Structures are given as C-alpha cells and as structure tokens.
Ligand code: MN
C-alpha cells in the first residue's frame, strides 16, 4: 500500500443546470417565453450557483480552510438551494409543451386516483384547493406512499419539504411569485388553472412506475 503523507483528498461534486426539455416558448400561452426565460435562466440557475457556492464553503470547512463558520448557516441555505435546483428540474419535466400535456392521467396513476378520490375531477379539485390554500411562498406536491398506495397532497414551504421519508414526489407546481407574477400578477389562482393544461402525466406515471 502506497503511503500518502499529503492531506486526504476532499472533493464535493458540484451541480450543473440541466437543460430544459423544451424551448422557452413551448409552454405558451399558459407560461410565456419571457416568464419561462427569467424563471429558468434567472431563478433556477441562481439556485444551482447558490448550491455550488455553499458546497465550496462546506468543502473548506471539512478541509479545515474555513477559519470560523456557522454550520447551520451553511446547511440550511444548502438545503434551500439544492432543493431549489432539484424541484425546478422536476417541475420542468413535469410539464409538456402546449398541446402535448394536460388532459388526464392514464395507467396506474389513473387507477390510484379513481380509487382514492373517486374521479380525476375530484382529485384535480382537491389538489387545486391545496394549491390555493398555500400561505406565501412554496410548492404544492403529490407524493406516493408505497405502503398504502395512497397519493397524498401536501405543500412545501419555500424549498423545505413537508412530506414523509421514502415517499417520492410525482407531481409538483411552483407557487413562488417568480413563477407567475410577470404574466398573472396577483392572480395565482389563474396560474394554477392554466398549469393544469401543461401537466405531463406520462412523466408522473413514469415516476410512479420506477418505484
Ligand atoms: Mn421557481
């Protein structure tokens, strides 16, 4: 075994902004090109940069290069920015270009929705009611409990998850003001109504089938 007298290798791998799965104008008229541009190239990119900057700081702490530090001052914003990156990547893939999304789910997702909520229309109302009840900034999510096969609806405050371990998220909608204000002003309810036209049910179904 080779002796290595040097400092142990420390490397925190960084994130990259994943490409959008469609062009910037693909979601019009429901999400305008300008709105998607600022949301993706401004906000989403900002979370990737923020996550990487915090990982660099954390790396310095582990190496002992950071003179004084506040770990909670690193970890909490790190979670905020990493989740910001991951939630947005999921959100983009959870939507399909205009004309290719919306409508209703099929397959296992449809069966689970019908069993638990009675009909897709009742499920959509339940999800919309939760989305409209969100206080301030966050997301509404649909997540899956493999143990009961229930589909649960919850909200996420900021980027801090409010769901349960081992229960993956299948469907999400961003309700930060930056997600709609440029186009919908204070009419968040209108943005949610428009968003249903973009839902990529195949993506949600694929997330369910991968489990
Ligand atoms: Mn956002």
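Tabulated data for the structure shown
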| quantity | calculated |
| --- | --- |
| Residue that is nearest to the ligand (Cβ to nearest atom) [pool: residues in region 179-192 that are assigned to a helix (DSSP H, G or I) and buried (at least 16 other Cβ atoms within 10 Å of the Cβ)] | 179 |
| Evaluation of residue 20 against (1) outside the structural domain of residue 156 (by TED's automatic domain parsing); (2) in a helix (DSSP H, G or I); (3) buried (at least 16 other Cβ atoms within 10 Å of the Cβ) (one fails), failing number | (2) |
| Among residues of region 156-166, those that are buried (at least 16 other Cβ atoms within 10 Å of the Cβ) and out of contact with any helix residue (DSSP H, G or I) (no Cβ under 6 Å at 6 or more places or on another chain), counted | 3 |
| Any hit, region 83-101, residues being on the phi > 0 side of the Ramachandran plot, at pLDDT 95 or above and either in the same structural domain as residue 174 (by TED's automatic domain parsing) or in a helix (DSSP H, G or I) (or both) | no |
| Test result for residue 49, assigned to a helix (DSSP H, G or I), away from the ligand (no atom under 14 Å from the Cβ), outside the structural domain of residue 185 (by TED's automatic domain parsing) and within 19 Å of the chain's Cα centre (by Cα) | yes |
| Any pair with Cβ under 7 angstrom, 6 or more apart, that starts in region 19-40 at a residue that is touching a residue at least 12 places away in the same chain (Cβ under 8 Å) and ends at one that is within 14 Å of the ligand (Cβ to nearest atom) and in a loop (DSSP other than H, G, I, E, B) | 36/27; 40/20 |
| Residue check, residue 130 under 20 Å from residue 21 (Cβ atoms) and surrounded by 14 or more Cβ atoms within 10 Å (Cβ to Cβ) | no |
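Let's see how each residue does on (1) under 30 Å from residue 181 (Cβ atoms); (2) more than 16 Å from the ligand (Cβ to nearest atom); (3) within 19 Å of the chain's Cα centre (by Cα); (4) crowded, with 17+ Cβ neighbours inside 10 Å:
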| residue | (1), (2), (3), (4) |
| --- | --- |
| 10 | no, yes, no, no |
| 34 | yes, no, no, no |
| 59 | no, yes, no, no |
| 66 | no, yes, no, no |
| 78 | yes, yes, yes, yes |
| 82 | yes, no, yes, yes |
| 85 | yes, no, yes, yes |
| 88 | yes, no, yes, yes |
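The values are calculated or read from the model by the stated rules, or taken from the named source; none is laboratory data. It should be emphasised that the depicted structure is a prediction, and the values quoted were computed from it without experimental measurement. Counting neighbours? That spans all protein chains shown, and the Cβs are built from the backbone with ideal geometry, glycine included.
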